[in-house]
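Notes follow the structure.
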């Protein structure tokens, strides 16, 4: 509709519209959606903190699975907070450089790595499963 508004960005990485309204609407929608997500992530972290004494009760130590779960929750929460911060930044500013484009591209990739680092998913997706001779396949019921 406005072909004169299309231009190369300052970073030279892609073209966009010189109109600020579509970008601000997009950033605003992302921020509105991410606020409840970050709140839920904070509630999960608070719940883990509240029940940490159960994980670390006398005579037991937190298992490797528990610690890896906590690390994944913390990493994913950090990515959510970073995405919320970036969406607010893009809502209030128009111009940004190539570094922010790289950060934006980095967030979903790291979220995928965070979720796929789970042991059960790695075992399913590995091309070659390492099993000891004579061991049978483990079965589990997921709820």
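The values are calculated or read from the model by the stated rules, or taken from the named source; none is laboratory data. Remember, it's a predicted structure, so these values are computed and weren't measured experimentally. For neighbour counting, all protein chains shown are included, and Cβ atoms are generated from backbone atoms with ideal geometry for every residue, glycine included.
Structure data summary
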quantity	calculated
All positions within the range 90-106 that are surrounded by fewer than 14 Cβ atoms within 10 Å (Cβ to Cβ) and either in contact with a helix residue (DSSP H, G or I) (Cβ under 6 Å, 6 or more places away or on another chain) or at pLDDT 90 or above (or both)	94
Residue in the range 124-131 that is assigned to a helix (DSSP H, G or I) and either surrounded by 10 or more Cβ atoms within 10 Å (Cβ to Cβ) or at pLDDT below 75 (or both) present	yes
Residue that is surrounded by the most Cβ atoms within 10 Å (Cβ to Cβ) [pool: residues in the range 1-37 that are in a strand (DSSP E or B) and over 27 Å from the mean Cα position of the chain (by Cα)]	17
